[in-house]
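Have a look at the structure below before the remarks.
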Amino acid sequence: MDLLFLAPKIRKASLIFFLIFFSSLPSDAYQKPLLEYGMFLGHGGLADYPASDEYRYRTLPFPYLNYHGDFFSSESENGTRLRFIRDEDFDLDLSFGGSFPTETNNNTARAGMPSLDWTLEVGPRLLYYFYRNPEKGNIRLGLPYRASFATDFQRGRHVGYLFSPTLQFDKYSFLSDHLNVYLILTANYFSEGEADFFYEIEPQYATADRRAYDAKAGWLSFDTSVSAKYEIDKKIFLVGAQYSDFSGSANKESFLHRTDHSLSYFIGFGILFFESEEKVD
């Protein structure tokens, strides 16, 4: 199965999603508390690193915080960000991302190689809204450019850069006033430093099967993500999945590129303990 085979299905799914995007029930739920916080329990299955064929299944409790400020915002729809510019069609903000570590003794392909540390990504993001309605949802193009840093919490180092253009459909009050759904299409490119982090094989780590490899910058993957949030009576349910196609990866020849296709998922349940009386649009 390759991307050309999947493309008609992706386009068909996107078209169906687009047509039902505007068919929501009227709702005044677009007014949100300025601050919400609670506790969340999440479970997910995620590949060890991009194009790995080995997975880890994690169940983690973590605090849930939504803050809808004009400058600082932390929310399930947009992640954590610092907003610098906002007008009718454009947003310019500082967005964040990251990844879990991979222990060498838990990954067959990387046996005998250094472990992969936690990564933190930070950088500017330009958002252009083709459609923006706080009551119904959004259609937007995102252009994030992030620097990536690796750390084991004892030391840190700069790894490289990522550019991940996204086309996102947010649908609020889908079939119910309590349900929001999201479709995100993402193209991923990275710098040579970021490619080295995941796919470089230095001569001292080469084996009979795992040849030395000099990683290079370029295309990484095309991702399709679908998720949903159901919120009622201060309870929140989240579910989502992401399909990633690595068949055109610039580093496909690396032994550490183990698969052309990857599927990850997550589910979660949270309870809100507090909602501020102050509301924002």
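Below are the figures for this structure:
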| item | result |
| --- | --- |
| Hits in the stretch 169-191 (condition: within 20 Å of Gly98 (Cβ to Cβ) and surrounded by fewer than 20 Cβ atoms within 10 Å (Cβ to Cβ)) | Ile184, Thr186, Ala187, Asn188, Tyr189, Ser191 |
| Test: Ala111 is out of contact with any Asp or Glu (no Cβ under 9 Å at 6 or more places or on another chain) and either surrounded by fewer than 16 Cβ atoms within 10 Å (Cβ to Cβ) or at pLDDT 95 or above (or both) | yes |
| Flag for Asp170 being more than 26 Å from Ala241 (Cβ to Cβ) and modelled with pLDDT of 90 or more | no |
| Residues of the stretch 115-126 satisfying the condition of being touching a Phe, Trp or Tyr at 6+ places or on another chain (Cβ under 8 Å) and either of a type in the set (D, E, K, R) or without any contact (Cβ under 8 Å) to a residue 12 or more places away in the chain (or both) | Glu121, Arg125 |
| Flag if Ser148 is modelled with pLDDT under 95 and among the small types (Gly, Ala, Ser) | no |
| Pairs where the first residue, in the stretch 127-148, is surrounded by fewer than 20 Cβ atoms within 10 Å (Cβ to Cβ) and the second is outside any strand (DSSP E or B) and of a type in the set (D, E, K, R), C-beta under 7 Å, 6+ apart | Tyr128/Asp89; Tyr129/Asp89; Pro134/Asp281 |
| Close pairs from the stretch 261-279: first among the basic types (Lys, Arg), partner not in a strand (DSSP E or B), Cβ under 6 Å, at least 6 apart | Lys279/Gln31 |
| Given (1) surrounded by fewer than 19 Cβ atoms within 10 Å (Cβ to Cβ); (2) touching a strand residue (DSSP E or B) at 6+ places or on another chain (Cβ under 6 Å), number of the condition Asp152 does not satisfy | (2) |
| Residue that is modelled with the lowest pLDDT [pool: residues in the stretch 217-260 that are surrounded by fewer than 16 Cβ atoms within 10 Å (Cβ to Cβ), in a loop (DSSP other than H, G, I, E, B) and not acidic (Asp, Glu)] | Lys234 |
| 1 or more residues of a type outside the set (Asp, Glu) and in contact with a helix residue (DSSP H, G or I) (Cβ under 7 Å, 6 or more places away or on another chain): qualifying strands (runs of 3 or more DSSP E) within the stretch 98-168 | 137-151, 156-163 |
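The values are calculated or read from the model by the stated rules, or taken from the named source; none is laboratory data. Model, not experiment: these values are computed from the prediction. Reconstructed Cβ throughout: ideal geometry from the backbone, glycine too, with neighbour counts over all protein chains shown.
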